[in-house]
Amino acid sequence: MSNIANEIYLAIVKHTAWKKRLHSVIKTGNRGEALGIEHCELGQWLKEHNAELSPHYYYSKVVELHQELHQEANRLVSLAVRGNTEEARAAAEYGSDFEHLSQELVRNIIA
């Protein structure tokens with residue numbers, strides 16, 4: 001696997017791990033995990049590789065989608081922490097806008 005392909009694969013793995021932590025917070029309603037964009041490994045990777053990646057057509061879209069995903073995740077965490085765990089869980093389920101956004105992010109990372 002080429003270096004860039006490996007980097008992309010690892011970025012997707014990091015994104016998946018972050019989503020698992022998000023689902024745990026939603027399930028418990030306990031904001032124990034640091035889920036903000038400043039703590040996100042994918043976000044850190046995008047920032048660290050800005051010079052290398054920014055010339056690529058999809059980079060700005062990936063950054064935009066990544067920010068949107070975190071905004072939606074913050075909304076879901078807020079719901080869960082306020083006791084609306086069922087609403088937050090439904091908003092994060094497969095087929096939800098959140099999941100569509102997540103899948104679009106992954107597609108753009110791959111592109």
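The values are calculated or read from the model by the stated rules, or taken from the named source; none is laboratory data. Here the structure is a predicted model, which means the values were calculated and not measured. So basically every Cβ, Gly included, is an ideal-geometry build from the backbone, and we count neighbours across all protein chains shown. Side chains are part of the model used for accessible areas, which takes the heavy atoms of the whole protein and leaves out ligands, DNA and RNA. Shrake-Rupley method; radii C 1.70, N 1.55, O 1.52, S 1.80 Å.
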Note the angle between two axes, namely the Cα long axis of helix 3-28 and the longest principal axis of the Cα atoms of the chain, as a number of degrees from 0 to 90, rounded to the nearest 10.
-> 10 degrees
Once label points are set 7 Å from the Cα along Cα→Cβ at both SER54 and ILE110, what is their separation, rounded to one decimal in nm?
-> 2.8 nm
Which Cα, out of LEU76, ALA111, GLN44, lies furthest along the positive dipole direction of the chain (beta carbon charges, K/R +1, D/E -1)?
-> LEU76
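Enumerate lysine pairs in the chain that are 8 or more residues apart or on different chains, then count those whose Cα atoms are under 19 Å apart.
4
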Report, in degrees rounded to the nearest 10, the 0 to 90 angle that the Cα long axis of helix 59-81 makes with the longest principal axis of the chain.
-> 10 degrees
Counting only protein heavy atoms with a 1.4 Å probe and every protein chain in place, the carbon and sulfur fraction of the accessible surface of the chain in whole percent equals 50 percent
